[in-house]
Amino acid sequence: MKRILTLVATSFCLAASSSFAAELASRMALTLDVAKQLSAAAEAEAAKNNWTVAIAIVDEAGHLVHLAKIDNTQYGSIDVAIQKAQTSAAFKRPTKVFEEAIAGGRNAIIGLKGALPLEGGLPIIHDGKVIGAIGVSGVKSTEDGQVAKAGADALARVLGK
């Protein structure tokens, strides 16, 4: 009897796990190779304008995948670029949204944990899903945003779309 119950329980678990497996979401993951290519596009935009910046690429959870610092970029920009990318990944929106909210008088934004309200962070989006983010720091916020956009926009070219 015990052997039959074990067999029935095992069969149930196998059947349940295969039906649960069908419910698992598949997702596109940001690879180091793709991150390097996005960073290269951002670096090209910065070089075209003679801007010295730090460029951070994070995965969708905000973990650093790639970091580049153009020669002579101030060291403080490294952490700022990472924080911009992490903010954008965590909140799934450009960091410019937070900067504009504060400029518009919405000072409560300052209290959002993990939200850096400076332009220059953009989500990296594939098929409508945030798969990572890019953060840039080193020049004016609008210029950081321009460099970040060049990097984020490169995803379509990198994926051949």
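The values are calculated or read from the model by the stated rules, or taken from the named source; none is laboratory data. Just so you know, these numbers come straight off a predicted model, no measurement behind them. Reconstructed Cβ throughout: ideal geometry from the backbone, glycine too, with neighbour counts over all protein chains shown.
Being within 22 Å of S26 (Cα to Cα), of a type in the set (A, V, I, L, M, F, W, C) and in contact (Cβ under 8 Å) with a residue 40 or more places away in the chain narrows it down to one of A156, A54, A89, so name that one. From the options A156, A54, A89, the qualifying one is A89. When A61, A29 are checked against the criterion of being at pLDDT below 95, loosely packed, with under 13 Cβ neighbours inside 10 Å and within 22 Å of the chain's Cα centre (by Cα), A29 stands alone in meeting it.
Yes or no: the stretch 104-117 includes at least one residue that is in contact with a strand residue (DSSP E or B) (Cβ under 9 Å, 6 or more places away or on another chain) and either surrounded by 15 or more Cβ atoms within 10 Å (Cβ to Cβ) or more than 22 Å from A54 (Cβ to Cβ) (or both). Walk me through it before giving the result.
Within the stretch 104-117, the subset in contact with a strand residue (DSSP E or B) (Cβ under 9 Å, 6 or more places away or on another chain) is 116.
If we keep only those that are either surrounded by 15 or more Cβ atoms within 10 Å (Cβ to Cβ) or more than 22 Å from A54 (Cβ to Cβ) (or both) as well, we get 116.
Within the stretch 104-117 (the criterion being in contact with a strand residue (DSSP E or B) (Cβ under 9 Å, 6 or more places away or on another chain) and either surrounded by 15 or more Cβ atoms within 10 Å (Cβ to Cβ) or more than 22 Å from A54 (Cβ to Cβ) (or both)), the answer is yes, since at least one residue qualifies.
Where helices (runs of 4 or more DSSP H) sit wholly within the stretch 22-129, those with at least 1 residues that are under 19 Å from L155 (Cα atoms) and polar (S, T, N, Q) occupy 32-48, 76-91. Only one of the numbered conditions (1) out of contact with any Leu (no Cβ under 7 Å at 6 or more places or on another chain); (2) outside any strand (DSSP E or B); (3) surrounded by 23 or more Cβ atoms within 10 Å (Cβ to Cβ); (4) not aromatic (F, W, Y) is violated by V136, and that is (2).
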